[in-house]
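A quick write-up on the structure given underneath.
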C-alpha cells in the first residue's frame with residue numbers, strides 16, 4: 001500500500017502545484033492589460049483567452065488519450081508502442097494545428113459574433129487572436145508531449161513545462177509591452193513566443209531523458225495514422241465527451257448571464273470554488289491515468305485494484321476538507337473573492353449547493369482518471385451523455401419558481417450521475433474496451 005500511495009503522490013502533487021500556480025500567473029496578463037489601458041484592454045484579454053481556452057479544451061484528448069495508452073505500454077514494457085504513441089499524438093497535434101491556422105479567419109469571426117463584445121473590445125481581441133493563433137502548433141504539441149511524459153510516469157517535467165511557459169509569458173509580455181513599447185499587442189506576442197520556447201524546452205527534455213524512446217522518430221510515422229486505430233478511437237471518444245461537457249458549461253454560463261448581474265456574479269463565485277476543488281482532484285485523476293494505466297499494462301489486477309482503493313481514499317479526504325471549509329466558512333470565502341456586500345449576501349443563499357459540490361463531484365474525478373488509464377473511453381462518453389441529458393432534463397422539469405436554484409440542482413446532479421454511472425459500468429465489465 002505504501003508503494004502505491006507513493007506512486008499516486010509522485011504524480012498528483014506536481015499536478016496540483018501546476019494547477020494552482022498557473023491561474024495565479026495568468027492573472028498577471030490581466031494586470032498588464034489593466035496598466036496599459038482601461039476596460040477595453042482587460043475585456044480584450046478576457047475574450048481572447050476565452051476563445052483559446054475553449055479551442056484547446058476541445059482538443060484536450062491529445063493529453064488524456066496519450067497519457068493512458070502510454071502508461072499501459074510502459075507497464076507492458078512495449079517500447080515500440082511507447083515510441084509510436086508519441087509520434088501519432090504529435091502527428092495528430094500538427095494536423096489540428098495546421099487546420100486552425102488555415103481556418104483562423106472564419107474561426108475568429110465566428111467566435112466574435114458568438115461572444116458579441118463591443119466594437120472597441122472586438123478590434124483589440126481580434127488583433128490578439130491573430131497573433132496568439134500562431135502558437136497553436138507548440139501548444140498542441142506540448143499537450144501531446146505532456147500526456148506522453150505522464151504516461152512514462154514523469155509528472156515533474158510536465159509541471160515544469162506548464163509553469164515555465166506561464167512565467168515566460170509574463171516576462172516576455174512585460175519586456176515587449178513596457179521595454180519595447182509595443183503596447184497591447186506585446187501581450188499577444190509574449191504569449192505566442194512563450195509557447196514556442198516552451199516547445200523548445202519540451203523537445204530538449206525528450207532528447208536529454210528519453211533519447212532511446214525517440215530514436216526511431218520519423219515524420220512518416222507521425223502522419224501515418226492509419227495504423228493508429230486504437231489511439232484514434234480513444235481520442236474520438238474523448239473529443240465527443242468534451243463537446244458534451246462544453247455544451248453543459250456553455251448553457252450554465254448563458255442562463256446565469258441572462259439572470260441578471262448579481263446572479264451572474266454569484267454563479268461565477270461558486271464556479272471559482274468548484275474550480276479550486278477541481279485543481280486538487282485533477283491531481284488525483286492524473287495519478288489514476290498513470291498508475292492504473294501502468295498496472296493495467298502489466299496485467300497486475302491486484303495492484304490495479306489497490307490503486308483504485310487508494311485513489312478513492314485520497315479523493316474522499318480532499319472532498320472532506322473542501323466540504324468542511326465550504327460549510328464552516330462560506331461568508332468568509334465569498335468575501336475573499338469579492339468586496340460586494342450585495343453579491344456576498346446573495347451567494348449565501350447558495351451556500352449549501354456550494355458545500356455539495358465536492359460530495360457530488362469526487363467520484364466523477366477519480367473515475368475519469370481510472371477510465372482513461374484503462375482506455376475505457378467509450379464508457380466515459382456514454383457516462384457524460386447520460387449525465388448531460390440528466391442536466392438538461394432536470395433544468396427544464398424543475399419548477400421555474402426555483403429560478404437559479406434549479407440550475408445548481410441540475411449541475412450537481414450532472415456531477416453525481418457521472419460518478420454513479422461510472423461506478424455501475426466498472427462493475428459490469430472490468431476489461432479495457434478499445
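The values are calculated or read from the model by the stated rules, or taken from the named source; none is laboratory data. Computed from a predicted model, the values in this text were never measured in an experiment. All Cβ positions, glycine included, derive from the backbone under ideal geometry; neighbour counts span all protein chains shown.
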- Message: Taking the conditions exactly as written (part of a helix (DSSP H, G or I), out of contact with any helix residue (DSSP H, G or I) (no Cβ under 7 Å at 6 or more places or on another chain) and surrounded by fewer than 18 Cβ atoms within 10 Å (Cβ to Cβ)), does residue 385 satisfy them or not?
- Response: no
- Task: May I ask you to verify whether residue 191 is closer than 20 Å to residue 410 by Cβ and part of a helix (DSSP H, G or I)?
- Result: no
- Message: So residue 234 ticks every box in (1) within 16 Å of residue 91 (Cα to Cα); (2) exposed (fewer than 15 other Cβ atoms within 10 Å of the Cβ); (3) within 22 Å of the chain's Cα centre (by Cα) but one. Which box is left unticked?
- Response: (2)
- Those residues of segment 350-385 which are free of Cβ contacts under 8 Å to residues at least 40 places away in the same chain and either outside the structural domain of residue 279 (by TED's automatic domain parsing) or farther than 12 Å from residue 412 by Cβ (or both) amount to 351
- Message: Name the single residue that is surrounded by the fewest Cβ atoms within 10 Å (Cβ to Cβ) among those in segment 151-168 being more than 18 Å from the chain's Cα centre (by Cα) and under 25 Å from residue 86 (Cβ atoms).
- Response: 153
